[in-house]
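Engineer: Have a look at this one before I ask anything.
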Amino acid sequence: MFHPKEWLGDAVINFCLKLLADELAAAYPRKFAFKDTNFFKSRTRELLNGNVEYKKVTNWKKQFDVLQCEKIFVPINIRNSHW
């Protein structure tokens with residue numbers, strides 16, 4: 001399945017986050033929030049391009065309440081070489 005010296009791709013990371021999210025949601029509802037691998041990349045791209053839309057930020061509230069979460073998991077791929 002995985003080969004030595006190969007990095008994990010987005011699909012694997014997102015799958016693992018989903019498994020973790022499901023486990024934690026059962027034990028601790030609404031304490032944790034998870035974003036997918038595209039979240040950080042797309043938000044920083046918008047920020048660098050100067051086109052951050054307030055409407056998109058307010059939509060996050062529908063997904064989770066930031067102030068009620070103990071932890072928010074955001075996978076970040078640094079220079080496309082590591083998670």
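Engineer: In whole Hz, with x marking every Gly and Pro, tabulate ³J(HN,Hα) for segment 35-45 from phi via Karplus 6.51 cos²θ - 1.76 cosθ + 1.60, θ = phi - 60°.
Structural biologist: Couplings: 10, 7, 5, 7, 4, 5, 4, 6, 5, 5, 4 Hz.
Engineer: Under the classification rounded if a/c is under 1.5, otherwise prolate if a/b is larger than b/c and oblate if not, where does segment 7-51 fall, given a ≥ b ≥ c as square roots of the Cα gyration tensor eigenvalues?
Structural biologist: oblate
Engineer: Please find the FRET efficiency linking ARG79 to ASP10, where r is the Cβ-Cβ separation and R0 is fixed at 22 Å, and quote it to the nearest 0.05.
Structural biologist: E(calc), rounded to 0.05, equals 0.90.
Each reported figure results from applying straightforward, stated rules to the coordinates on display, with no laboratory input. Because the structure is a prediction, the values reported are computed rather than measured. Quick reminder, even Gly has a Cβ in these numbers, built from the backbone with ideal geometry, and neighbours come from all protein chains shown.
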